[in-house]
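What follows is one structure encoded as structure tokens, with my remarks underneath.
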Amino acid sequence: MALGLKLTDGIHDNLGGVIGTSKADVYFHKIKLKVMSDIIPIVGGFSEQLSVAAILGRHGFFDNFTVTFDPCNNPPGLIIERVGRS
């Protein structure tokens, strides 16, 4: 895998809803996600059965950032803002 992780060493679960089949294997790993100038530790889910490359999950990311989608432009855009934590 491109991140240097052995996929099956992660915590295994089943994935459904975002794939063409009823279920797929997903493996969760602790990773560090770089967003702008911040590095956020998250748990990301990875599956070889997705049709596009993606990191699955939202815990850790949306705890630290707000995302505003703007569908008015072509292509649509988004604004990512850091959430202040005390």
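Please go through the range 8-24 and give me each residue that is open to solvent by less than 90 Å² (accessible area, probe 1.4 Å) and at pLDDT 85 or above, ordered by number.
Those that are open to solvent by less than 90 Å² (accessible area, probe 1.4 Å) and at pLDDT 85 or above: Thr8, Gly10, Asp13, Asn14.
I need every pair where a residue in the range 22-35 that is acidic (Asp, Glu) has its Cβ under 8 Å from the Cβ of a residue that is open to solvent by less than 60 Å² (accessible area, probe 1.4 Å), sequence separation at least 6 or different chains.
The qualifying pairs are Asp25/Leu15; Asp25/Ser47.
The values are calculated or read from the model by the stated rules, or taken from the named source; none is laboratory data. What you see is a predicted model, and the numbers here were worked out from it, not measured in a lab. Cβ sites come from the backbone with ideal geometry, for glycine too, and all protein chains shown count toward neighbours. Just so you know, the surface numbers come from the protein's heavy atoms only, side chains and all, with ligands and any DNA or RNA stripped out. Shrake-Rupley method; radii C 1.70, N 1.55, O 1.52, S 1.80 Å.
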